[in-house]
Amino acid sequence: MTETDAMAAAMIAPAPSALTGDAVRLVEVGPRDGLQNEARYPDTATKVELITRLAACGLSAIEVGAFVSPRRVPAMADTAQVVRSLPSLSDISLPVLVPNMTGLEQALSVGCREIAVFVSASEGFSQRNIQCSVRESLVRYQGVIEAARTAGLRVRGYVSCVVRCPYDGDVAPSTVVPVVQWLLEQGCHEVSLGDTIGAATPAHIRALLQACATTLPVQALAGHFHDTYGMAVANVMAALEAGVRVFDTSVAGLGGCPYARGATGNVATENVLYLLHGLGMKTGVDLPRLVQVGDFISRALGRDSASAVGRALMR
Ligand code: HMG
Ligand code: MG
């Protein structure tokens with residue numbers, strides 16, 4: 001029996017649930033959100049190997065890097081080399097983060113087909129993260145999104161601090177909804193709701209999604225939950241019950257955000273897969289294989305996997 005066969009045998013069979021049969025799309029953000037905040041980040045070849053191995057697990061979307069200021073986020077400085085070095089992954093969406101026109105030009109110059117833009121619902125985080133107010137960021141992004149769409153790129157949107165800001169404190173759903181709406185109106189195909197510091201509980205996620213659903217299509221929303229307080233899987237469950245079917249996850253629970261001190265990584269891809277498959281939901285992703293990728297990148301970084309499922313299945 002191979003190691004992946006043994007892992008498959010160790011997994012619990014799905015129990016019938018109201019969600020059985022539903023399809024969920026995962027956006028693997030480990031190579032970007034995960035690695036941007038690792039104290040020791042891997043070299044370009046290891047990043048390319050990570051992305052290639054992730055693609056082989058059946059993921060349909062992998063965020064591969066960020067064209068941001070290399071002085072602010074050194075771990076993403078080699079994004080152009082990463083994109084250029086990737087093998088042909090034509091059926092996979094490979095977005096890159098872009099903060100401004102400079103970033104868009106870099107993305108276009110290496111042939112990216114999809115970008116992700118990121119704004120904050122709170123002023124404090126916007127100033128620290130991208131050095132401008134929320135309003136200024138929207139003005140800046142209007143031109144970027146228009147230029148990207150004119151060039152035929154798909155644009156994904158992020159809103160950070162949808163529940164709590166590390167600088168301004170609690171953020172009300174009524175502050176978040178207009179920012180999400182603005183991104184959708186600009187032509188973002190999807191907007192991901194970022195609990196940047198992982199402070200939300202399921203009650204916050206329910207309230208936020210209820211507020212969103214009054215004016216926005218829930219199919220255009222994604223959940224992006226960091227796991228600082230260990231609530232992220234519970235928050236995924238709350239979002240599933242509210243109709244969300246897209247989640248951003250990070251292999252081995254890598255990462256955090258350099259401008260959100262104390263925030264840990266995204267919810268681990270392995271943990272979310274175990275939840276979804278246990279609910280009988282379909283992802284198209286091979287969990288045992290993904291666990292091996294988590295082990296690969298954890299070893300490359302010289303740290304333990306932050307995924308409880310990854311550690312359990314590697315035993
Ligand atoms: P700024 O200092 O206001 O920029 O930073 P500027 O336009 O004044 O330029 C300053 C220098 O940066 C210049 O170089 C520019 O050329 C250069 P210099 O003349 O000094 O040598 N520059 C760039 N270089 C490379 N790529 C670029 C670029 N733009 C300017 N695109 C800026 C403004 C937005 C650039 C900066 O603040 C920045 O890069 N911020 C990004 C921070 C970041 O990446 N944060 C993490 C990602 S967001 C996140 O993790 C949250 C998320 O996961 C969702 C969630 O969890 O909530 C998405
Ligand atoms: Mg994030």
Flagged in the range 179-194 as out of contact with any Asp or Glu (no Cβ under 9 Å at 6 or more places or on another chain) and part of a strand (DSSP E or B), in numbering order, are 190, 191, 193
Which number in (1) within 14 Å of residue 55 (Cα to Cα); (2) part of a helix (DSSP H, G or I) marks the one condition that residue 284 misses?
-> (2)
Test result for residue 13, over 20 Å from the mean Cα position of the chain (by Cα) and of a type in the set (A, V, I, L, M, F, W, C) | yes
Residue ID - farthest from residue 144 (Cα to Cα), chosen from residues in the range 182-204 that are surrounded by fewer than 24 Cβ atoms within 10 Å (Cβ to Cβ) and among the charged types (D, E, K, R) = 190
For the range 260-270, indicate whether the set of residues that are assigned to a helix (DSSP H, G or I), of a type in the set (Ser, Thr, Tyr) and within 15 Å of ligand 2 (Cβ to nearest atom) is non-empty.
-> yes
Would you mention how many residues in the range 274-309 are surrounded by fewer than 20 Cβ atoms within 10 Å (Cβ to Cβ), small (Gly, Ala, Ser) and within 20 Å of residue 226 (Cβ to Cβ)?
-> 1
Filtered residue count, the range 287-307, keeping only those that are assigned to a loop (DSSP other than H, G, I, E, B), of a type in the set (Gly, Ala, Ser) and over 19 Å from residue 26 (Cβ atoms) = 1
For the range 4-11, does any single residue satisfy the condition of being open to solvent by less than 30 Å² (accessible area, probe 1.4 Å) and either touching a residue at least 60 places away in the same chain (Cβ under 8 Å) or part of a loop (DSSP other than H, G, I, E, B) (or both)?
-> yes
Scanning the range 163-178 for residues that are of a type in the set (D, E, K, R) and assigned to a helix (DSSP H, G or I) gives none
Kindly provide the set of residues from the range 20-46 that are more than 16 Å from ligand 1 (Cβ to nearest atom) and open to solvent by less than 20 Å² (accessible area, probe 1.4 Å), ordered by number.
-> 24, 42
Among residues of the range 49-74 being in contact with a helix residue (DSSP H, G or I) (Cβ under 6 Å, 6 or more places away or on another chain), under 28 Å from residue 277 (Cβ atoms) and among the β-branched types (Val, Ile, Thr), the residue farthest from ligand 2 (Cβ to nearest atom) is 51
Any chance the range 142-160 includes a residue that's of a type in the set (A, V, I, L, M), more than 18 Å from the chain's Cα centre (by Cα) and within 12 Å of ligand 1 (Cβ to nearest atom)?
-> yes
From 207, 252, 238, which residue is in a helix (DSSP H, G or I), open to solvent by 10 Å² or more (accessible area, probe 1.4 Å) and away from ligand 2 (no atom under 14 Å from the Cβ)?
-> 207
Could you grab the pairs with beta carbons closer than 6 Å, sequence gap of 6+ or different chains, first residue in the range 155-179 and closer than 19 Å to residue 117 by Cβ, second one open to solvent by 10 Å² or more (accessible area, probe 1.4 Å) and in a helix (DSSP H, G or I)?
-> 159/179; 177/211
Residue check, residue 166 within 11 Å of ligand 1 (Cβ to nearest atom), under 24 Å from residue 100 (Cα atoms) and surrounded by fewer than 23 Cβ atoms within 10 Å (Cβ to Cβ) = yes
Find all pairs meeting these conditions: Cβ atoms under 7 angstrom apart; at least six residues apart or on different chains; first residue within the range 16-43 and under 20 Å from residue 286 (Cα atoms) and touching a residue at least 24 places away in the same chain (Cβ under 8 Å); second residue open to solvent by 20 Å² or more (accessible area, probe 1.4 Å) and β-branched (Val, Ile, Thr).
-> 24/283; 26/283
So is residue 55 more than 18 Å from residue 296 (Cβ to Cβ) and either surrounded by 16 or more Cβ atoms within 10 Å (Cβ to Cβ) or small (Gly, Ala, Ser) (or both) or not?
-> no
The lone exception for residue 86 - which of (1) surrounded by 15 or more Cβ atoms within 10 Å (Cβ to Cβ); (2) modelled with pLDDT of 95 or more; (3) within 19 Å of residue 303 (Cβ to Cβ) it fails | (3)
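The values are calculated or read from the model by the stated rules, or taken from the named source; none is laboratory data. Because the structure is a prediction, the values reported are computed rather than measured. With ideal geometry, Cβ positions are generated from the backbone for all residues, glycine too; neighbour counts draw on all protein chains shown. For the accessible areas, the whole protein counts, side chains as well, though only heavy atoms, and no ligand, DNA or RNA atoms are used. Shrake-Rupley method; radii C 1.70, N 1.55, O 1.52, S 1.80 Å.
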